[in-house]
Every structure is written in C-alpha cells, then in structure tokens.
Amino acid sequence: MKLQQLRYIWEVAQHELNVSATADSLYTSQPGISKQIRLLEDELGMPIFARNGKHLTELTAAGQQIVAIAGEILGKVQDIKHIAQEHRDNKVGSLSIATTHTQARYALPSVIKEFMHRYPGIKLNINQGTPMQISEQASRGVVDMCIATEAMELFENLVMLPCYQWNRCVLVPTGHPLTQTESFTLNEVAKYPLVTYTFGFTGRSQLDEAFDKAGLHPRLALTAVDADVIKTYVRLGLGVGIVAKMAYDPVVDADLAPLDASHLFGPSTTKICLRRDMFIRSFIYEFIRIFAPHLTRELVDQAMELREKRDLDTLFKNIALPVH
C-alpha cells in the first residue's frame, strides 16, 4: 500500500468518481491513476469502487470506509509537513483561505494587509465560493480555514470559531418613500420587490426566517452573491436592496440611503472554521487573532479540543463579539 494510492482513491472520490478530472487536477495520467487503484484493490482483496465497464459508478460499502480513513491519513501527512516547516522557520509557508465574496471584499482587506506586513514570507491564497463549497474545502483539508456565516455547521469535523456579529441595512435610492419614516416595518419593506443575497449566502437564512415568522412572502426581483451587483440593480430601480451593513460605502454609495434594519432581522455571526484534527501553525493563530482579537491561541486550542456544539457554545457564551 502506497501513499500515492491513497491519494488517488481520495481524490477520485472528491471528483465525483471522474478519473479524467482527477488526473487533470493532479497533473498525471488517467491510466496511471486507474492502474494504481487496481493494484490497491488487488492488494486489499476487494473493490473500493463499483464499476460499469471501465467507468466508476459508486464507492462500495468498504470503499466508503477506506476512502474516509485515507483522507485522515493524508491530512496527517500534511500536518507532518507543517510541523517540520514550523520548526524550520515559522515565518515561511503558505496560508489558504476559502471565503465568500462579502468577506473577501469588505471584511478581509485590512486584515490581509496587516498579516502580510507581519509575515511577508507567507504565500497567501484566497478562494471564493459558496458557503457550502468553502466549508467542504475546509472539511477536506483543501484549505487551511474557511470564513463565512452559513453552511459550516453541516460538517462535523469543522470547529466553528465565532468572530463578529453583523446585521443588515435596507438600501434605497435617496428620496425613496422608506426614507420618510423613522422606523419602518417589515410589512412596509415587503411592499417592494427585493434585491438581496442568493439563498445560502451571507446570512440569507435570517432574512427568510424574519419574513416567514411575520407571514410575509415578498417578491424577489433579483438575488446575487455579490453586494455590488445588488447595489447596481437598486440604482436601476429594480427593487429595495437588503445587504450586510459592512457592504455600504458612504463615499462610493452616496447616491443610496442605508436604512438600519437591525430592528427587523436577527444578527448573524461570521465564523472562522478549522478542521478539528489539523496542526495549526503559529502564523495561522496570528491571522485568527488579527481577524478576531478575542480568539487568542489559548481559546482556539480549547475550542479545538471540544467535540460537542453545546460545549463550544458554552465556551463562547460570555464573550462579547464585536459588531460590524
């Protein structure tokens, strides 16, 4: 059994059993991967993948367990490399972050600037995607961490570290009727077509929950993953925008009026997620601290030891999160 064979079966499973796509991602040949999988199956005396002719159709029952363990082994191999790098030089290495557009565009720039000033020898990679995509990347060990608001609780091997709370504002053109009332209601907002985030993005679940609870079914004129797109269509008169407060720029968006909507919607919490069994290099601790100063190394280590969500909730219960 070779480490390369374990990597091949793991990667094939992550690429929906598409050997050709796996070969492309690993810069190797499709026949080479197929041969190594066959050799591993022969050694084990059982199939890892079910087949229809030459095509892989599904993981066998044993294959599911084998691939899961292979993923754990590959994660530990990566940890060994990180430990060696940490002891050789703790200011050299790479940091890969998966996050959403809102975090990358509005929350991270100042943090990235400070981090790169302190650690010029660290190669930084930022991947953008849906909350589900980036959570899966963190769960699989493709990235070191993910930063988002939604979907991360679906992955049991991710530890969620609460960073800050945020709420929304209703964006309308200056002079819009909603600007004439001191405290507008959800009913008044629902009278207009809405332009807001796509379901699953940037705290959208809190927005839907508020309307559902009030028995309201507003018309969605357009949904987008990008607050800048939402603002563009609000300017065109397509509807009333609902975005994260942090997405409003008083200079760039001076033609729009941001109406505080914290009395309408519950706050959302942005979290950093780490794979539970990962080795955390010192510069990763430092990045977390820059992004969320209350997340000290000691607190992160405590959180990584906990297995139950209720224990994590208890750990962070008395910590006042900053509000953005």
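The values are calculated or read from the model by the stated rules, or taken from the named source; none is laboratory data. Fair warning: this is a prediction, and the values are worked out from it, not measured in the lab. With ideal geometry, Cβ positions are generated from the backbone for all residues, glycine too; neighbour counts draw on all protein chains shown. Just the protein is used for accessible areas: all its heavy atoms, side chains included, with ligands, DNA and RNA removed. Shrake-Rupley method; radii C 1.70, N 1.55, O 1.52, S 1.80 Å.
Points to keep in mind about this one:
- All Cα pairs of the chain, percent lying beyond 37 Å: 31
- Listed residues Ile126, Ile97, Ile280, most fluctuating in the chain (Gaussian network, C-alpha, under 10 Å): Ile126
- Farthest toward positive dipole pole in the chain [+1 Lys/Arg, -1 Asp/Glu at C-beta], among Leu178, Ala138, Phe155: Ala138
- Net charge in the neighbourhood of Thr270 (other residues with Cβ under 14 Å of its Cβ; Lys, Arg +1, Asp, Glu -1) is +3.
- Loop-located trypsin sites (Lys or Arg not before Pro) across the stretch 1-67 with a Cβ neighbour count of 15 or fewer within 10 Å are Lys2, Lys54, with loop assigned by DSSP.
- Cα-based equivalent ellipsoid of the stretch 275-324: semi-axis lengths in Å, sorted from largest, via gyration tensor: 18, 17, 8
- Each Lys and Arg contributes +1 and each Asp and Glu -1, all at the Cβ; summed about the Cα centre of the chain, the dipole is approximately 500 debye.
- Placing +1 on each Lys and Arg Cβ and -1 on each Asp and Glu Cβ, with no other charges, gives the stretch 167-324 a dipole about its Cα centre of roughly 280 debye.
- When both the stretch 102-157 and the stretch 1-65 are represented by their alpha-carbon centers, they are found 29 Å apart.
- Nitroxide proxy distance, nm - points 7 Å out along Cα→Cβ at Lys2 and Glu308: 4.6
- Mean shadow area of the stretch 144-271, taken as a quarter of the surface of its Cα convex hull (nm²): 8.4
- Based on protein heavy atoms only, the stretch 84-215 ends up with 46 Å² per residue of surface accessible to a 1.4 Å probe.
- In order along the stretch 226-237, phi translates into HN-Hα couplings of 10, 4, 5, 5, 4, 5, 4, 7, 5, 4, 7, x Hz, rounded to whole numbers, per the Karplus curve 6.51 cos²θ - 1.76 cosθ + 1.60 with θ = phi - 60° and x for Gly and Pro.
- Net charge over other residues, Cβ less than 15 angstrom from the Cβ of His324 (K, R count +1; D, E count -1): +2
- Solvent-accessible area of Met278, all protein chains in place: 20 Å² (probe radius 1.4 Å, heavy atoms, ligands and nucleic acids excluded).
- Atom-type composition of the exposed protein surface of the chain places 52 percent of the accessible area on carbon and sulfur (1.4 angstrom probe).
- Relative contact order for the chain: 20 percent, from Cα pairs under 8 Å spaced at least 6 residues apart, divided by residue count.
- Within the stretch 220-319, GluC sites (Glu not before Pro) in DSSP loop having at most 11 other beta-carbon neighbours inside 10 Å: Glu308
- Entry note, the chain: the mean residue ellipticity at 222 nm calculated from DSSP H runs of n ≥ 4, each adding -39500 (n - 2.57), is -12500 deg cm²/dmol after division by the residues and rounding to the nearest 500.
- Volume of the Cα convex hull of the stretch 219-292, divided per residue and given in Å³: 153
- When DSSP beta bridges are restricted to pairs lying wholly in the chain, around 60% turn out antiparallel.
- A simple rule links phi to the HN-Hα coupling: the Karplus curve 6.51 cos²θ - 1.76 cosθ + 1.60 with θ = phi - 60°, which for the stretch 179-193 gives 6, 8, 10, 5, 9, 6, 10, 5, 4, 5, 5, 5, 6, 9, x Hz, with x for Gly and Pro.
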